Amino acid sequence: MAFAELGLAPKLLEAVTAAGYTEPTAVQREAIPLALQGLDLLVSSQTGSGKTAAFMLPCLQRLLQAGPSRLPRVLVLTPTRELAQQVSRAAIDLAGRRGPRVAVLVGGAPYAMQLKQLRGPLDIVVATPGRLMDHLQRGKLDLSGIDTLVLDEADRMLDMGFIDDIEAVVARLPAARQTLLFSATLDGVVGKLAGRVTRAAQRIEIARTPEAAPKIEQRLLFADGHDHKLRLLDHLLSDAALKQAVVFTATKAGAEDLAGRLEDQGHAVEALHGDMNQGARNRALKALREGRARILVATDVAARGLDVPGISHVVNFDLPMQAEDYVHRIGRTGRAGRAGQAYTLAHHRERGKVKGIERFTGTAIPVATLPGLEPKARPERSEGSRKTGAVKWRSNKPGEGKAYGQYKAGNGGPRRSRPSW
């Protein structure tokens, strides 16, 4: 099927071609025709499935048909600043010349710049729930003209505690509107929210297929402790095949500390976390996109919405709090059909979390070791756990069974002297 068969206006078809789109993805084929009919939608699809275009193209067509207006007609809520900026860029790219007037309202960005955007005529508002509520409570934004509401990654927004803000925003919108909800899951609290904010919604679930899965080679490296983790990371970042990497940490302080350590070692590195203002975050991402930074050390704020073609490696220095975030983290590599590598560093006591990730993904992560950096405790798979990927632990004493196979990951190169951690 071609985009021309979906019912899109000629102007949008020209912009889609100019933006490099060739044929619609599964979620675009399913969602766009129904959205063009004005129906409410509940859509579940995997990361990288093309969902942004699936909701933005119908929104743009509706704007074209409605003509100019001083009040915004489309509101898109996203969980993070990075995703909001990605949606804004997509709206401009997909609209072509003389595209929509877009305001991006996110935390960490100066109020003055956002207020300037709100003073002019607007078509689309893309916002995080918290900052949008700030502007609404100050009386700086009128949502009475909204005819399309998009909740992008609704599950993530609920996980981040935005339920009250979302419901407060919805209460200010016209009842006669179209609502498009996109989420990794449509059950539980997401399903309850959907029941309150949509009307006779059509449900679309796009299953993950082997063809759609990114080409990411995953490896699990067990570490005896923090210092061992640092040595493993140093080896991985010294791999000549590594173009750019995102290293994920569990905390903001951990991201700053690790980035400082890598910078002391001579790496071109940037940090990214939620305590940074928007200007600092933009500079970090710009350095990565322009190739001036080779490594980005980040919290899960970068797990979604970050699309940099040069990212060849992802390293989970710390395990994610939720198994679902593992999928989003490693999805920063292997984009647009490219191959990528994802390494997860785990302490022995974290094997329960590893099993949780494997149950969520339905795939065992192959365990590997690096030459000269093997853990003292070695994993072996028991006879009854080969299909599930369960890990059995034993002491690494001489003579206790055969040696575990090693996985080579590039040349380590000379070691830099490292400061105390």
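The values are calculated or read from the model by the stated rules, or taken from the named source; none is laboratory data. All values reported here derive from a predicted model rather than from experimental measurement. Heads up, the Cβs are rebuilt from the backbone with ideal geometry, glycines too, and the neighbour counts pull from every protein chain shown.
Against the conditions (1) assigned by TED's automatic domain parsing to the domain that holds residue 38; (2) crowded, with 22+ Cβ neighbours inside 10 Å, where does residue 255 fall short? Just the number, please.
Of everything listed in (1) assigned by TED's automatic domain parsing to the domain that holds residue 38; (2) crowded, with 22+ Cβ neighbours inside 10 Å, residue 255 misses just condition (1).
Condition first: in the same structural domain as residue 323 (by TED's automatic domain parsing), farther than 20 Å from residue 330 by Cα and in contact with a Lys or Arg (Cβ under 7 Å, 6 or more places away or on another chain). Can you find one or more residues in segment 233-249 that meet it?
No, segment 233-249 contains no residue that is in the same structural domain as residue 323 (by TED's automatic domain parsing), farther than 20 Å from residue 330 by Cα and in contact with a Lys or Arg (Cβ under 7 Å, 6 or more places away or on another chain).
Table: residues versus (1) at pLDDT 50 or above; (2) of a type in the set (Ser, Thr, Tyr); (3) surrounded by fewer than 20 Cβ atoms within 10 Å (Cβ to Cβ).
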| residue | (1), (2), (3) |
| --- | --- |
| 344 | yes, yes, no |
| 347 | yes, no, yes |
| 360 | yes, no, yes |
| 382 | no, yes, yes |
| 386 | no, no, yes |
| 394 | no, no, yes |
| 410 | no, no, yes |
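Of everything in segment 320-375, what is under 16 Å from residue 302 (Cβ atoms) and of a type in the set (A, V, I, L, M)? Give them in sequence order.
Selection gives 321, 327, 330, 342.
Can you find, within segment 6-39, the residue that is nearest to the chain's Cα centre (by Cα) among those that are crowded, with 20+ Cβ neighbours inside 10 Å and outside any helix (DSSP H, G or I)?
Looking at residues that are crowded, with 20+ Cβ neighbours inside 10 Å and outside any helix (DSSP H, G or I), I get 24.
Answer with yes or no whether residue 230 is surrounded by fewer than 21 Cβ atoms within 10 Å (Cβ to Cβ) and either touching a Ser or Thr at 6+ places or on another chain (Cβ under 6 Å) or in a helix (DSSP H, G or I) (or both).
Here the answer is yes, as residue 230 does meet what is asked.
Residue pairs, Cβ under 6 Å, 6 or more apart or interchain, first in segment 87-106 and under 21 Å from residue 128 (Cβ atoms), second in a loop (DSSP other than H, G, I, E, B) and acidic (Asp, Glu). List them.
100/123; 101/123
Considering only segment 261-279, state which residues are in a helix (DSSP H, G or I), at pLDDT below 90 and surrounded by 14 or more Cβ atoms within 10 Å (Cβ to Cβ).
278
Determine which member of the set 390, 364, 403 is of a type in the set (Gly, Ala, Ser), at pLDDT below 50, surrounded by 14 or more Cβ atoms within 10 Å (Cβ to Cβ) and under 21 Å from residue 223 (Cβ atoms). First the steps, then the outcome.
On the way: 364 fails: at pLDDT below 50; 403 fails: surrounded by 14 or more Cβ atoms within 10 Å (Cβ to Cβ).
Unique residue meeting the criteria: 390.
Give segment 108-125 a look and list any residue that's outside any helix (DSSP H, G or I) and either without any contact (Cβ under 8 Å) to a residue 40 or more places away in the chain or hydroxyl-bearing (Ser, Thr, Tyr) (or both), or say none. Walk me through how you get there before you give the answer.
Applying the first criterion (outside any helix (DSSP H, G or I)) to segment 108-125 yields 108-110, 120-125.
120 - this is the single residue of segment 108-125 that is outside any helix (DSSP H, G or I) and either without any contact (Cβ under 8 Å) to a residue 40 or more places away in the chain or hydroxyl-bearing (Ser, Thr, Tyr) (or both).
The conditions are (1) modelled with pLDDT under 90; (2) more than 18 Å from residue 108 (Cβ to Cβ), and residue 303 fails exactly one of them. Which is it?
Of everything listed in (1) modelled with pLDDT under 90; (2) more than 18 Å from residue 108 (Cβ to Cβ), residue 303 misses just condition (2).
Would you mind listing the strands (runs of 3 or more DSSP E) fully within segment 280-356 where at least 2 residues are of a type in the set (Val, Ile, Thr) and under 25 Å from residue 265 (Cα atoms)? Please lay out each step first, then the result.
On the way: elements: 295-298, 311-316, 339-347.
The qualifying strands (runs of 3 or more DSSP E) are 295-298, 311-316.
So which pairs qualify, if the first residue must be in segment 305-317 and closer than 18 Å to residue 281 by Cα, the second must be crowded, with 21+ Cβ neighbours inside 10 Å and among the acidic types (Asp, Glu), the Cβ gap must be under 6 Å, and the two must be at least 6 apart or on different chains?
305/82; 306/82
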